Amino acid sequence: MNQQIISPHVFERHWTVSEPSVSVIAFLAQQLPTLSKGRLKLALKYGAVWRTAACGGHKPSRIRRAKSLLKSGDEIHVYYNEALILEPIIPAKLVADEGEYSVWDKPSGMMSQPSKWCEHRAIVRWVELFGLQSNQLQQRPCFLVHRLDRATNGLILVAHSKKAAAKLANLFESRNIEKTYQATVSGCFPLPGTTLELQNDIDGKTAKSTILSCVYQPQSDVSLLTIRLDTGRKHQIRRHLAATGFPVIGDRLYGHSCQEENDRDMPDLMLTSYQIRFECPWRKSERSFVLTQKTNSQDLYK
């Protein structure tokens with residue numbers, strides 16, 4: 001048995017099953033007697049337990065059903081973080097249910113992709129477990145279409161079949177989806193013309209962001225920028241704005257004064273996926289989903 005204990009409430013452990021036809025919940029209860037069955041079932045449900053099948057040649061995959069039977073030679077991996085399992089999650093807000101896909105306002109802090117420690121705190125699994133039911137929508141499988149940084153809030157699409165995910169992902173890959181963001185920066189951002197193109201290469205690849213408008217608010221000495229994302233490189237808008245000397249407020253990674261400030265006192269990243277526009281592959285008509293400028297808690301779509 002290999003194990004790594006970070007704290008009594010955060011640990012990872014690995015075992016090889018020697019007894020055939022034992023249920024995963026019974027196996028875990030035997031190996032982790034200090035955890036109640038309720039905690040173990042949550043760990044399974046929320047994606048903290050993995051199995052590498054004994055048949056060989058397979059990558060580890062999550063095992064979620066408590067009554068699933070294990071085989072001799074199976075490897076079980078547990079990545080347990082009690083805080084991730086038990087702490088409340090700020091919910092995403094439904095913007096629209098389009099049948100083949102739905103549109104959500106993802107809060108800052110919610111992941112796009114799950115970690116090995118849990119999956120219910122990522123948008124797709126959260127929608128599948130909680131979002132559809134809480135909005136009284138038909139239960140359907142959920143698939144990731146595109147990503148937002150964990151710290152970025154705003155509009156994100158969730159597909160409800162593999163075919164729908166492939167069609168929507170193809171729109172992103174072929175740049176047939178127009179994505180507009182709003183970012184808040186400190187000071188008066190200089191906008192020499194009606195628009196400003198930022199084209200610094202990122203990781204050796206061409207990257208282009210277009211600032212469409214700028215509204216300076218002298219009372220708080222901040223500028224609200226509306227930005228079209230023309231390519232989709234990692235942290236593109238954050239890196240482009242930091243290169244101009246106007247990093248997004250709350251950017252702990254690219255902000256120039258991060259080391260001088262108490263990280264806990266910094267605000268959330270003030271970057272919002274504000275609008276998504278594309279031709280719907282099913283309805284053959286333009287769809288535009290927009291968050292209001294005044295608050296992100298009120299969604300408008302047409």
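We did not get these values from a lab; they are worked out from the coordinates using the rules stated. Predicted model only: the values in this text are computed from it and were never measured.
Select one label from (i) 25.1, 90; (ii) 22.3, 72; (iii) 17.4, 52: the one whose number is Rg and Dmax of the Cα atoms in Å as derived from the coordinates shown.
Comparing each candidate, only (ii) matches the computed number.
Within the chain, what percent of beta bridges assigned by DSSP are antiparallel, to the nearest 5?
95
Defining a contact as two alpha carbons under 8 Å apart and six or more residues distant in sequence, what relative contact order in percent does the chain show?
Result for the chain is 13 percent.
Which pairs break 24 Å Cα to Cα here: Lys163/Lys208; Lys208/Lys284; Lys163/Lys205; Lys59/Lys116; Lys41/Lys106; Lys106/Lys205?
Lys163/Lys208; Lys208/Lys284; Lys163/Lys205; Lys41/Lys106; Lys106/Lys205
For the chain, what is the mean residue ellipticity at 222 nm derived from helices alone (per DSSP H run of n ≥ 4: -39500 (n - 2.57); sum divided by total residues; nearest 500 deg cm²/dmol)?
-4000 deg cm²/dmol
Taking the alpha-carbon centroid of each part, what is the distance from the stretch 76-132 to the stretch 170-239 in angstrom?
Each part's Cα centre sits 27 Å from the other's.
Which residue, His77, His160, His58, tops the fluctuation ranking in a GNM of the chain built on C-alpha contacts under 10 Å?
The residue with the greatest mean-square fluctuation here is His58.
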